[in-house]
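Enquirer: Please find one structure pasted underneath; my questions will follow.
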Amino acid sequence: MIVLGINAGFGDPIAGEFPFFAHLGVGVVRQDLFAHGDAAPIEALVAEFSNRPARALFMLAGGKMQVADGSNRIEPHVLAARARRVVEAAHAAGLQQYSLEVGNEPDIAHDGYASRPQDFAEAIRQVHAVVRPLGFTGDLITGGISNLNERGLEYLHSTLAAPSVPADVVVGFHRYPEAGRGPQAPHPGFESREEEFEALAGLVGGRRVACTEFGYHTAEDRMGVLGSRRRSETEVAEAVQWDLDFYGQRGVLMAALYQLNDGTHDIAEERYGVRRLDGTLKPVADALVARAVRFLADERPVRERE
């Protein structure tokens, strides 16, 4: 069964959430270490993952991969320096099993990356060149393209065309639906979700792939001449399960659900949570718990035979 991940923390401590992650069956937690800048207590955030059953996926730059005021991108050498700091912090904390992700949605990030995929390729190369000699043997994941649409795939094609991208990196991707659509609806230009995924597989040159963001929100979606619609919480739960099955059948290493909590406003960005603002769980959380229970039940006879 595919490893379930979740986006959580966003630069804030999450130590108290690990029992809940275990309850959901989460195996990977994607944490944006530098969401509050380079002066944030990165070492403490890394150390939270010591002796935890869930593995960390540490982001080196989230959002638009830019400095706080948006004036400049976070340069490749800065990403490499951040990677060094994370690896050293993990070593100090005795943390051995974790992954690193180089950036986030570069195709819609700061224009210095969005318009220059070759520079994003250089960022991947520089991070790789720093962390491997330091003894980091985990997965180094390319910052996920924003979607498996034509824009995202064209950007990925240009990035991977650069000879500087190492062969051992894992290719990251995000996948969100068109406005108001369900999990089986493909993006424009594709006949099916299968065709979308085949387009991705055809670009990566045999590299492994990981979905570092996916999800479905319950805010109102405008659908042009079709008006608007709002997904029910039950629809979201069913869609998430469909995606997990789809990726699991295609050898995707992990799929990280966006996200842990709802926000305060009824807008798309704040209605992806598995948990409401008041702490109550949505049907998607219940579905994930049931999925984890089924997995344990399926595994138990195998362990008993061994």
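Enquirer: Please indicate, with yes or no, whether at least one residue in the stretch 100-108 is touching a helix residue (DSSP H, G or I) at 6+ places or on another chain (Cβ under 8 Å), touching a residue at least 24 places away in the same chain (Cβ under 8 Å), part of a strand (DSSP E or B) and crowded, with 20+ Cβ neighbours inside 10 Å.
Expert: Yes, that holds for at least one residue.
Enquirer: Suppose we filter the stretch 131-165 for residues that are surrounded by fewer than 18 Cβ atoms within 10 Å (Cβ to Cβ) and either of a type in the set (A, V, I, L, M, F, W, C) or not in a loop (DSSP other than H, G, I, E, B) (or both); how many remain?
Expert: Of the residues in that region, 8 qualify.
Enquirer: Same structure, new question: I'd like to know if the stretch 184-192 contains one or more residues that are hydrophobic (A, V, I, L, M, F, W, C) and either within 26 Å of residue 28 (Cα to Cα) or modelled with pLDDT under 95 (or both).
Expert: Looking through the stretch 184-192, none of the residues is hydrophobic (A, V, I, L, M, F, W, C) and either within 26 Å of residue 28 (Cα to Cα) or modelled with pLDDT under 95 (or both).
Enquirer: Do the conditions hold for residue 229, that is, is it among the basic types (Lys, Arg), closer than 30 Å to residue 127 by Cβ and out of contact with any Pro (no Cβ under 9 Å at 6 or more places or on another chain)?
Expert: The answer is no for residue 229.
Enquirer: Moving to a separate point now. Of the residues that sit in the stretch 68-99 and are of a type in the set (A, V, I, L, M, F, W, C) and surrounded by fewer than 15 Cβ atoms within 10 Å (Cβ to Cβ), which one is modelled with the lowest pLDDT?
Expert: Among residues in the stretch 68-99 that are of a type in the set (A, V, I, L, M, F, W, C) and surrounded by fewer than 15 Cβ atoms within 10 Å (Cβ to Cβ), the one modelled with the lowest pLDDT is 68.
Enquirer: Right, something else. Suppose we keep only residues that are part of a loop (DSSP other than H, G, I, E, B) and touching a residue at least 12 places away in the same chain (Cβ under 8 Å) within the stretch 277-293. Which one would you say is surrounded by the most Cβ atoms within 10 Å (Cβ to Cβ)?
Expert: Residue satisfying both the conditions and the ranking: 282.
Enquirer: Please work out if residue 168 is over 19 Å from residue 256 (Cα atoms), surrounded by fewer than 16 Cβ atoms within 10 Å (Cβ to Cβ) and either touching a residue at least 12 places away in the same chain (Cβ under 8 Å) or aliphatic (A, V, I, L, M) (or both).
Expert: In short, yes.
Enquirer: Please state which one of 34, 18 is of a type in the set (Phe, Trp, Tyr) and either surrounded by fewer than 23 Cβ atoms within 10 Å (Cβ to Cβ) or closer than 30 Å to residue 296 by Cα (or both).
Expert: 18
Enquirer: When you check residue 255 against the structure, is it aliphatic (A, V, I, L, M), assigned to a helix (DSSP H, G or I) and on the phi < 0 side of the Ramachandran plot, yes or no?
Expert: no
Let's see how each residue does on (1) aliphatic (A, V, I, L, M); (2) closer than 15 Å to residue 126 by Cα; (3) part of a loop (DSSP other than H, G, I, E, B):
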| residue | (1), (2), (3) |
| --- | --- |
| 34 | no, no, yes |
| 40 | yes, no, yes |
| 45 | yes, no, no |
| 49 | no, no, yes |
| 56 | yes, no, no |
| 81 | yes, yes, no |
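The values are calculated or read from the model by the stated rules, or taken from the named source; none is laboratory data. Note that the structure is a prediction, hence the values are computed from the model and not measured. Every residue, glycine among them, receives a Cβ derived from its backbone with ideal geometry; neighbour counts consider all protein chains shown.
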